[in-house]
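Before any comments, here is the structure.
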Amino acid sequence: MPLLVTRREVEDLFDLTTAIDVTEAAFREQAAGAICTQPPRMLTTPRGALRMVSGALLQSRRMGLRAGPAMGYNADGGERMVALLWDTETGDLLGVLSHPFGTLRTGATVGLATRWFAREDAHVLGMIGTGRNALSLLTAVCHVRPIEHIRVFSRDPEHRSRFAQRAGEALGRAIQVVDAAEKATLGADVVCVATNSLSPVLRAEQLSPGAFVATMGRPSELDGSVYLAAGLIVVGSKEHEQDYWDPSHTHQLMELVKAGKLELAAIHEMADVAVGRAPKRTSAGQTIVFKESQGGFGDVAFASYVYDQARRRALGQEVDL
């Protein structure tokens, strides 16, 4: 019978190191051609939206989806997502699982990318955007690199000040609040961007040579010049990027491909990096951009780990559906 696992039971099953390891293992399955995936989808309503992501990990024999209310329903910052998990061989429903791991999965993915692409001595971090994913990104970057200075910018002065205080308490260090994007990014070794902006918030001239840029917000948030200045561009999934769900946001990277200014073949996937088919950083002065592709088989990998841990620890309740 399927296992019903509540939020209280799953909250302590992950730490950041484990989350990064689970994420890397999922990319290795992707590299082996052992995944099925489709881009995230949004069902819009007058109030907000229902977000749905799905995928399958064939080596792990797990397939599933994660769904829950998104835009318009998360003003309190809470995650109300639920995952359904099936066996790919039998079709048996394995579990109905609380899945409050959206920001953790994003942070783990950016943390893994930082480990692979940021300079090992990176010590200055610039952050644009102070929404619900921002703290997970800062935490993950600090987890894998010896960050000493963090500078934060967002459009709302009050919001960025509140975030800096909260992030400083969580990370145990001072966060510098700045009033312009370039004050956060110039001189930064790692730049994280997480906004819902319809127009670019970061341009190439706002970066110093050798920066690693991680973007995980709307695909409109980086100016095309950032991609054109990069020596290496990596995404989580080309399929997700090519079929992005919201046409109201200009997909700056795909627009460059359509215009013939970038070759799609020159854009690498994290899976290729995981198995050595694509490079990591090749020089200190190389600018590298990573675009997080917003879930799918990675969410299934998290749900699969939670299910296995729940079975191992005798958590949850078997239900007859």
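Take every DSSP beta bridge whose two residues both sit in the chain; close to 50 percent of them are antiparallel. Compared with the dominant Cα axis of the chain, that is its longest principal axis, helix 157-171 is turned about 60°. Take the Cβ atoms of residue 6 and residue 47, set R0 to 35 Å, and the FRET efficiency comes out at 0.85. Within a straight-line Cα-Cα reach of under 24 Å, residue 280 can be paired with the following lysines, leaving aside sequence neighbours fewer than 8 residues apart in one chain: 238, 261, 291.
Descending by average beta-carbon neighbour count within 10 Å, the peptides 106-112, 251-257, 63-69, 188-194 line up as 188-194, 106-112, 63-69, 251-257, the highest first. Annotation note: GluC sites (Glu not before Pro) in the range 77-153 located in DSSP loop regions with a Cβ neighbour count of at most 12 within 10 Å are 89, 120, 148. Restriction of the trypsin sites (Lys or Arg not before Pro) in the range 126-229 to DSSP coil positions whose beta-carbon has at most 16 other beta-carbons within 10 angstrom yields 132, 155, 173, 203.
Note on the range 119-291: Rg/Rh from Cα positions, Kirkwood definition for Rh, rounded to two decimals, is 0.95. Legend: translational diffusion of the chain by Stokes-Einstein, Rh = Kirkwood radius over C-alpha pairs, 25 °C, 0.890 mPa s; D = 123 µm²/s. Considering all different alpha carbon pairs of the range 1-149, the Kirkwood hydrodynamic radius works out to 17.0 Å.
Grab the beta carbon distance between residue 89 and residue 170, set R0 = 41 Å, and tell me the FRET efficiency rounded to 0.05. Here the calculated transfer efficiency is 0.45. The long axis of helix 297-312 is offset from the longest Cα principal axis of the chain by roughly 50 degrees.
Any read-out appearing in this document is the output of simple, stated calculations on the displayed coordinates, not a laboratory observation. Just so you know, these numbers come straight off a predicted model, no measurement behind them. Backbone-built Cβ (ideal geometry, glycine too); neighbour counts: all protein chains shown.
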